[in-house]
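Please read the structure below before turning to the comments.
The values are calculated or read from the model by the stated rules, or taken from the named source; none is laboratory data. Just so we're clear, the structure is a prediction, and the values are computed from it rather than from any experiment. For neighbour counting, all protein chains shown are included, and Cβ atoms are generated from backbone atoms with ideal geometry for every residue, glycine included. Remember, those area values only see protein heavy atoms, side chains included, never the ligands or the DNA or RNA. Shrake-Rupley method; radii C 1.70, N 1.55, O 1.52, S 1.80 Å.
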Amino acid sequence: MTSHPAAPSPDNSYTFTAIGLHWLIALAIIGSFALGFYMADLPISPQKLRFYSWHKWAGVTIFLFVVLRLGWRLAHRPPELPAGMPAWQRSVAAATHVLLYLLMVAVPLSGWLMSSAKGFQTVWFGVLPLPDLLTKNAELGDLLQALHRLLNYSMAAIVFAHLGAALKHHFIDRDDVLARMLPFLRTPSGDTQ
C-alpha cells in the first residue's frame, strides 16, 4: 500500500480557483506596477505610448479579475485563521485584506478616470473602446494622476506588509497560513514545517 499525503481540511484551505486568482492578480499587479514605474519618466515617443496602452490594458484586466475574485470570495468562505492567533493580528489581517481589495478596485478605476480626464480613451487590447468616465479636464487629470500614483504606492506598501506577514507565519509562527495559498508547502501531516 502506498501512503498518500493527507488532504488539507476544506475548512483550512482556499479553493483552487481562489488560489489561481490570487496569484494571477498578484503577478499582474507586480507587472503593471513595474511597467507604470518604468514608463512614467520616459520621454514622449511611440514606445512610451505603446507602454501606456499596455499598462491600461493590464489595469482593465486586473479590475475584471478582481471583480471575479470578489464574487468568488463572497460565495466561498475563506479558511479560518490559526486558533492561537491573537485577536489584534486577526483584526490587522482583516483590515489588510479589506484595504487590498479596496485598492485593487480603486487603482485601476483611478487610472481610467485619469485617462478620461486627460482625453485619452482606453481601448482594451486595441479592440474594445471603453467609455470615458469623465469629460476632458486637464487640471482634474493632473489631480487624478497624483491620486493614481498615491494609491499605487499605498498598495505596494500594503502588499509588502501582507508578504511580510505571510513569511512571518511560515518561518516564525510555523503555522499553515502561507501553505493555504501555496499548497505544495504542506507536509504529509498537514504541518508546514
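A few points about this structure:
- With kT/(6 pi eta Rh) evaluated at 4 °C and eta = 1.567 mPa s, and Rh the Kirkwood radius from Cα pairs, the range 71-162 diffuses with a coefficient of 83 µm²/s according to Stokes-Einstein.
- Derived scalar couplings between HN and Hα for the range 82-89 equal x, 4, x, 6, x, 4, 5, 5 Hz in order, rounded to whole Hz, by the Karplus curve 6.51 cos²θ - 1.76 cosθ + 1.60 (θ = phi - 60°), x for Gly and Pro.
- Selected from His162, Leu21, Gly59, residue furthest toward positive end of dipole (the chain; charges at beta carbon): Gly59
- The range 100-141-the range 42-62 distance, computed between alpha-carbon centres (Å): 12 Å
- Element breakdown for the range 16-69 at a 1.4 angstrom probe: carbon and sulfur atoms account for 80% of the accessible area.
- Carbon-plus-sulfur accessible fraction, the range 141-188 (probe radius 1.4 Å, protein heavy atoms only): 75%.
- Long-range tail of P(r) for the range 58-108 (Cα pairs > 17 Å, %): 46 percent
- Other-chain or far-sequence residues with amide H under 5 Å of Trp124's (modelled H): Leu130
- For the chain, the number of Lys pairs with C-alpha atoms closer than 17 Å, counting only pairs eight or more positions apart or on separate chains, is 4.
- Contour excess over end-to-end distance, with Cα ends at Leu167 and Ile30 and 0.36 nm allotted per residue: 47.5 nm
- Solvent-accessible surface of the range 14-141, taken per residue with a 1.4 Å probe and all protein chains present: 60 Å².
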